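The values are calculated or read from the model by the stated rules, or taken from the named source; none is laboratory data. Everything numeric in this text was worked out from a predicted model, so none of it was measured. Note that each Cβ is placed from the backbone with ideal geometry, even for glycine, and that neighbours are counted across all protein chains shown.
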Amino acid sequence: MAVYGRRRVGKTFLVRNVFEDAFNFQLSGVAKVDLGGVYAEISTWRSGKAGQGAQIDLLIDRKDRVINICEMKYSVKPFAISKSYAENLRNKLMVFRTETGTKKTLFLTIITANGLAVNEYSQQLVQDALDMNALFG
């Protein structure tokens with residue numbers, strides 16, 4: 001099943017309420033993403049705490065003690081990380097590390113339709129960026 005629509009219209013809310021969180025996300029078409037033969041478990045994550053909680057679109061928990069925290073953003077042009085969004089990303093990383101207690105290295109990966117604009121925030125925070133070419137070859 002694929003759910004398509006504009007940003008921030010409640011697609012995730014709808015799917016979670018209909019399926020009551022009894023579903024798995026499936027990845028398909030990831031043609032050029034190479035983990036170098038490293039075993040990885042793929043999932044999503046949502047904070048269990050109200051208030052300053054966080055949701056992570058995609059986690060790739062690798063056997064080499066690295067977790068890719070993937071944020072998926074759609075933008076007609078290369079996506080630019082603003083100062084406020086950079087704070088949001090820092091908060092997500094902090095909440096994830098605190099709630100899970102993980103000691104693994106966290107790599108922030110941005111997945112966008114049209115690439116990531118390079119600015120001071122992307123250079124400070126992002127370890128990897130993927131666009132449609134990486135996803136669909």
Worksheet item: Is it true that some residue in segment 52-66 is modelled with pLDDT under 85 and either surrounded by fewer than 11 Cβ atoms within 10 Å (Cβ to Cβ) or on the phi > 0 side of the Ramachandran plot (or both)?
Response: yes
Worksheet item: Out of segment 120-137, which residues are within 12 Å of the chain's Cα centre (by Cα) and modelled with pLDDT under 90?
Response: 130
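Name every residue in segment 107-124 that is buried (at least 17 other Cβ atoms within 10 Å of the Cβ) and touching a strand residue (DSSP E or B) at 6+ places or on another chain (Cβ under 8 Å), in order of residue number.
Step one: filter segment 107-124 for residues buried (at least 17 other Cβ atoms within 10 Å of the Cβ), giving 108-112, 115-116, 121-122.
Once the filter is applied, which keeps residues that are buried (at least 17 other Cβ atoms within 10 Å of the Cβ) and touching a strand residue (DSSP E or B) at 6+ places or on another chain (Cβ under 8 Å), segment 107-124 yields 108, 109, 110, 111, 112, 115, 116, 122.
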Worksheet entry | Selection status of residue 117, among the aliphatic types (A, V, I, L, M) and over 14 Å from the mean Cα position of the chain (by Cα) | yes
